[in-house]
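Below: one structure, written as structure tokens.
The values are calculated or read from the model by the stated rules, or taken from the named source; none is laboratory data. Remember, predicted model here, so these are calculated numbers, not experimental data. Neighbour counts are summed over all protein chains in view; Cβ atoms, including those assigned to glycine, are modelled from backbone coordinates with ideal geometry.
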């Protein structure tokens, strides 16, 4: 059973200036355990597609299944965790209490909440920071805490909307490595929105290249760089070949639309 199966998904919405088509005839299948990145120009519908998977938007045409059920059913049974562009941590709660918040809402006993929160903080390499407050952590550390929060109820699917886009290059590289190690340890299915070609190539098993609005899938690029991916792999010929392929697809489609 596919983790995500989208068939001819489209979304349009009305404005004062007329109808805007955000997505057009998107067909995509994501298998369990894959790390799939969505890349394309701003406004191409990457986040819209992610929000449809999460049942935060409803398509106007087509059908989508998440772990074999509708997005609404997947949301109700807590099949996915969602990581936003900003960490969105509550400043009056400690990091551990922020991570445990979904479990608190679910009614999980306090002892179990603390145990799971600490386990997830260790997975994202924040062991020992649970008693700190968000303002005492760097931006990158806050984003790692938000990933731990999304993982704390053990979802089958992790949806990530450009979580490292606001960080400096050094922090971003560090978090790319940490996220790849987390994915390798947990085997979660990940759908990841990004504007960065190197980030997409480094993290992904497949890269979905999208066109300018209305968003459609131009091509899906395989990224078979192996499970062991030190940051130095970005200097390899294999990495450069995949990156050039993605860049060529983005430029060719942009120029075709002129």
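Details
- Screening region 164-258 for helices (runs of 4 or more DSSP H) wholly inside it with 1 or more residues that are in contact with a helix residue (DSSP H, G or I) (Cβ under 9 Å, 6 or more places away or on another chain) and under 25 Å from residue 137 (Cα atoms) returns the ranges 169-186, 197-203.
- Filter result (within 30 Å of residue 225 (Cβ to Cβ) and either within 15 Å of the chain's Cα centre (by Cα) or part of a loop (DSSP other than H, G, I, E, B) (or both)) within region 16-36: 30, 31, 32, 33, 34, 35, 36
- Filter result for residue 47 (closer than 22 Å to residue 180 by Cα, touching a residue at least 40 places away in the same chain (Cβ under 8 Å) and in contact with a strand residue (DSSP E or B) (Cβ under 7 Å, 6 or more places away or on another chain)): yes
- Meets criteria (free of Cβ contacts under 8 Å to residues at least 24 places away in the same chain and either under 30 Å from residue 7 (Cα atoms) or surrounded by fewer than 18 Cβ atoms within 10 Å (Cβ to Cβ) (or both)) for residue 136: yes
- Restricting attention to region 59-91, the residues being surrounded by fewer than 16 Cβ atoms within 10 Å (Cβ to Cβ) and over 19 Å from residue 139 (Cβ atoms) number 11.
- Where helices (runs of 4 or more DSSP H) fall wholly inside region 66-162, the ranges with 1 or more residues that are over 27 Å from residue 31 (Cα atoms) are 95-99, 101-106, 110-123, 139-151.
- In the condition set (1) without any contact (Cβ under 8 Å) to a residue 40 or more places away in the chain; (2) surrounded by 17 or more Cβ atoms within 10 Å (Cβ to Cβ); (3) under 30 Å from residue 5 (Cα atoms), residue 129 is compliant with all but (3).
- Against the numbered list (1) loosely packed, with under 15 Cβ neighbours inside 10 Å; (2) more than 13 Å from residue 158 (Cα to Cα), residue 33 comes up short only at (2).
- Test: residue in region 213-224 that is in the same structural domain as residue 51 (by TED's automatic domain parsing), out of contact with any strand residue (DSSP E or B) (no Cβ under 7 Å at 6 or more places or on another chain) and modelled with pLDDT under 95: yes
- Of the criteria (1) over 16 Å from residue 84 (Cα atoms); (2) touching a residue at least 60 places away in the same chain (Cβ under 8 Å), which one residue 195 fails: (1)
- Residue in region 76-87 that is free of Cβ contacts under 8 Å to residues at least 12 places away in the same chain and over 20 Å from the mean Cα position of the chain (by Cα) present: no
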